[in-house]
Amino acid sequence: MLTCTGTACRLDGDITVENAALVLDELKPQIAGGLQMLDFSGVTQVDSSVLALIMSCQREAAQYQRRLQLSGLSGNISTLADLYGVESLLQA
């Protein structure tokens, strides 16, 4: 589900309400360790919890005076962000 190399992590599989909290728990130490890029290109299915995951990751990074770069965002993620009025959170 999560593959990290250097300062980047790639997410694979589904990000839904069933596993978003577990993904966040895996990402927190990576963020603390200097994670700069979060790659969503391997994500296959999402629900609105993906937005909560992104916001939580950005909030974690802000504690270290950083903002995560997001890449590989699918149209589904963009559509959800637009629907909920949080599309600015997807911008670098």
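The values are calculated or read from the model by the stated rules, or taken from the named source; none is laboratory data. Being a predicted model, the structure only gives us computed values, none of them experimental. A quick note on method: Cβ atoms are made from the backbone with ideal geometry, for glycine too, and the neighbour counts reach across all protein chains shown. Ligands, DNA and RNA are stripped out before the accessible areas are found, and what is left, the full protein with its side chains, is counted by its heavy atoms. Shrake-Rupley method; radii C 1.70, N 1.55, O 1.52, S 1.80 Å.
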Within the set of pairs 6+ apart or on separate chains, which have a first residue in the stretch 51-72 that is closer than 15 Å to E26 by Cα, a second that is of a type in the set (G, A, S) and open to solvent by 40 Å² or more (accessible area, probe 1.4 Å), and C-beta atoms under 8 Å apart? E60/A32
Return the pairs, sorted by first residue and then second, in which the second residue is open to solvent by 50 Å² or more (accessible area, probe 1.4 Å) and of a type in the set (D, E, K, R), the first residue lies in the stretch 10-38 and is within 10 Å of C57 (Cβ to Cβ), the beta carbons are less than 9 Å apart, and the residues are 6+ apart or on different chains. I31/R66; L35/R66; L38/R10
